[in-house]
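The values are calculated or read from the model by the stated rules, or taken from the named source; none is laboratory data. Here the structure is a predicted model, which is why all the values come from computation and not from measurement. With ideal geometry, Cβ positions are generated from the backbone for all residues, glycine too; neighbour counts draw on all protein chains shown.
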Amino acid sequence: MKLKAKISAILILLVIAVCSLFAACQVGGEKWQQTVGDARTQYITYYAGGGMFDDNADKVVKDIYYTAGTPTMGADAVVSSLKLAKTDWLFKAWYYVECDAEGNPVFASEEDKKAGIPVLTDREVVFPLTLQKDEHLYLGAKWARDYKIKYFLHEDSPDITVGGKVYKAGDELKDDNFGAFDSKTLSYSPTQQPVNSSDATLLEYYVKNEAGEYEVPAEYRIVKPTEYSEGDEEPFVAVYCKFVKGLWTMVRTASDVSDMYGNLASGGKYYITQDINCADNPQLTLKVGAINCEIEGNGFTISNQKFQRQNLSLNLKCSIFGELSESTVIRNITFENIEVKVTSIPKTRVSVYLFSHGIQSGATLENVNINGSTLDISKVHSEATIENIPKTVDGDYLTDSWIYADGDYSGVAYDNLTLKINDVTLVPKN
């Protein structure tokens, strides 16, 4: 009997619930239907304004789910999903469409109507939108002509050859890899030059300032102008490329100096573009072998680089530039405030030089300067011998044999150099 009583009670409660729901639908039905209606009657028509949406349509109609009078977050999400594009133009913003007295979009011509280009007001759309019941919004895309980069050969650049064609100063350098852009950071990487010349290397990019003068872009970043002529058929930013003859590795930074030094034996050609302070570079290791390279200093200075060689062993020779091979060329460069530190082990006979410990016939040294630099040989044990720096009969170290070895070093000048051995300081004459 108890079980039957429980079942009866449950059935009674179910009947009451169903009746209550039916009553609510009757009494509150109009309000419930109004809420559903608000969610379905709002539409937004997006006009591409001369562009195209993802399905090649010139307009898209979207229904927006919302509560009347409340900002909806759906509208801007819909915009981002439309995949709107217009070749050679940049999307600027959505603007409200001008409508006639009946609330229909206005078009300047039948051609504009067919192309989906309505007349726009000066009111930019700000999302999220606040929508009203039964309102149909018309929004149109506003576009700005996109700027491109065009490369030209600088007026002071030599002729260059690309794909067998010779380009002269002022010629446009065309490359399909460069097109529409908002902003572009230029790179000196060989793979990102605007052209791959077979007989020249890019030295610098320039743009012209308001005075018509060439200048290097700030941080090497090209940014499109904020103002331009609406009637300009093909707006572009002109970039002027200055090249130097020959295929070089450009040395512009302290890191480039480290890379250059690590590859001096490989036969590379290095072009110094400016004064370079290497104070933050790690110590580089003195050379013991031969180098084979070409360094064009262009009158610039490399300063504050540190070198070291630890625990020199028997019969080793070491120096900053090692032995210069017959094809080595170093010219028009100054090395300043260089610091070289060397340690040796007992019972060794070693030779330590500041600049170079050998030079082959045919090597070229022109206008090479070493200023204000130091060779510091510490921990020279009593049984160790530095062969190239012998002592006089009075026990003093000679000071004319530690900068470079025998050979034609007439192209090298030095000033204010310091030799330190076990904290004994010697300053050679210039």
Margin query: Tally up the residues in the stretch 291-343 that are within 15 Å of Ala405 (Cβ to Cβ), surrounded by fewer than 22 Cβ atoms within 10 Å (Cβ to Cβ) and aliphatic (A, V, I, L, M), please.
Written below: 1
Check: Of the residues in the stretch 80-120, how many are part of a helix (DSSP H, G or I) and under 31 Å from the mean Cα position of the chain (by Cα)?
Finding: 1
Notebook entry, point to check: Restricting attention to the stretch 87-114, which residues are surrounded by fewer than 16 Cβ atoms within 10 Å (Cβ to Cβ) and in contact (Cβ under 8 Å) with a residue 60 or more places away in the chain?
Noted result: Asp88, Leu90
Check: Of all residues in the stretch 361-413 being within 20 Å of Ser344 (Cα to Cα), acidic (Asp, Glu) and loosely packed, with under 12 Cβ neighbours inside 10 Å, which is modelled with the lowest pLDDT?
Finding: Glu383
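Residue-wise test of (1) over 30 Å from Asp280 (Cβ atoms); (2) modelled with pLDDT of 95 or more; (3) assigned by TED's automatic domain parsing to the domain that holds Pro282; (4) not aliphatic (A, V, I, L, M).
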position	(1), (2), (3), (4)
Leu173	yes, no, no, no
Phe178	yes, no, no, yes
Ser198	yes, no, no, yes
Lys224	yes, no, no, yes
Glu233	yes, no, no, yes
Val257	no, yes, yes, no
Next item on the list: Within the stretch 142-177, track down each residue that is surrounded by 15 or more Cβ atoms within 10 Å (Cβ to Cβ) and of a type in the set (A, V, I, L, M).
Entry: Ala144, Ile149, Leu153, Ile160, Val162, Ala169, Leu173
Notebook entry, point to check: Going through the stretch 279-302 one residue at a time, which ones are out of contact with any Gly (no Cβ under 6 Å at 6 or more places or on another chain) and part of a loop (DSSP other than H, G, I, E, B)?
Noted result: Ala279, Asp280, Asn281, Pro282, Gln283, Leu286, Val288
Checklist line | Residue match in the stretch 142-164 (condition: out of contact with any strand residue (DSSP E or B) (no Cβ under 8 Å at 6 or more places or on another chain) and either farther than 27 Å from Tyr214 by Cα or part of a strand (DSSP E or B) (or both)) | finding: yes
